[in-house]
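Structure first, then comments.
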Amino acid sequence: MIKVLKISKKYGKKIVLNKIDLEFQKGAINALLGHNGSGKTTLLKIILNLVRPTNGDVQINNQSILNKWEYRKDIGYMAQIANFPENLTPIKLFDLITKLRNAQPINRDELIKQLNLSSELEKPLKNLSGGTKQKVNAVLALMFDLPILILDEPTAGLDPVASRTLKKLLLIEKNKGKTIILTSHILSDIEQLSDFIHILNDGNVIFSGSKEKLITNGNLEKAISKLFLNIKNKQND
């Protein structure tokens, strides 16, 4: 379990995160939603120790991870934009990350097969499409069988077949008892995959709970629209 405790982040006078509390459950897919600029990416970077919070703490298994780095060996991360050294090939990139992690991949070859990457392994990354780079990104996140997965817009740019395959893989990872944090603007993916949903708005948590608690009638899009409409009405009162 990952706990976010009274986390705040300010850049000058701008408040990006405002004393938020969240729990990302183990053995579940935890969706993190919000408009652009809501604080999602900043929060993920704080969990990854790429950004320092102004105040608050983040705990993994009840241990603070701030100003530490060892815990990151247990995290598979899939960034929203797959930026890799362009002259490397996917297979050389996989080998490089394996050496840097000093760990053996568990299911790299099976992931390559399922994501239909075999014919692309020897091509320079600069010659690959955005969707193919995203497949490479997915293999890097999943091939070490790590207990925590953080996935920022993982299906963005994927073709329908690859997207469906990745979603099936994520459900398999969830069933292994992993803690999975997922962001996406594709609400159908969130509705299909998530167990818990956490929504940020202007650096504040406006909903945190089970998918069923949020979607009481209709679908996820309607539920989120109703939530934001209620907030807007309160602000106008």
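A DSSP coil position with no more than 13 other Cβ atoms inside 10 Å describes the following chymotrypsin sites (Phe, Trp or Tyr not before Pro) in the range 26-112: 69. Each of 106, 24, 55 was scored by the projection of its Cα onto the charge dipole of the range 1-114, and the greatest displacement toward the positive side belongs to 55; charges sit on the C-beta of Lys, Arg, Asp and Glu.
Remark: the chain carries a charge dipole of roughly 580 debye about the Cα centre, counting +1 on each Lys and Arg Cβ and -1 on each Asp and Glu Cβ.
Within the chain, the longest run free of trypsin sites (Lys or Arg not before Pro) that sit in a DSSP loop with at most 13 other Cβ atoms within 10 Å is 69-175.
Taking the C-alpha atoms only, the angle from helix 160-175 to the longest principal axis of the chain is near 70 degrees. For residue 10, nonlocal amide neighbours, meaning residues 5 or more places apart or on other chains whose placed amide H falls under 5 Å from its own, are 16, 54.
The length gained by stretching the chain between residue 83 and residue 25 to full extension, at 0.36 nm per residue less their Cα-Cα distance, is 18.0 nm. Annotation note: GluC sites (Glu not before Pro) in the range 108-165 located in DSSP loop regions with a Cβ neighbour count of at most 11 within 10 Å are 122. For the range 86-174, the gyration tensor built on C-alpha atoms gives an oblate shape. Its axis ratio a/c (a ≥ b ≥ c) is at least 1.5, and a/b is not larger than b/c.
Amide H contacts for residue 34 (H built 1.01 Å from N in the peptide plane; partners 5 or more residues away or on another chain; cut-off under 5 Å): 200. Quick one: if you stick a label point 7 Å off each Cα along the C-beta vector at residue 228 and residue 192, how many nm between them? Inter-label distance under the simple model: 2.2 nm.
The translational diffusion coefficient of the range 82-237, from Stokes-Einstein at 25 °C and 0.890 mPa s with a Kirkwood hydrodynamic radius over alpha carbon pairs, comes to 141 µm²/s.
Read-outs throughout are calculated quantities, based only on the coordinates presented, and are distinct from any laboratory measurement. Here the structure is a predicted model, which means the values were calculated and not measured. Cβ atoms come from the backbone with ideal geometry, glycine included; neighbour counts cover every protein chain shown.
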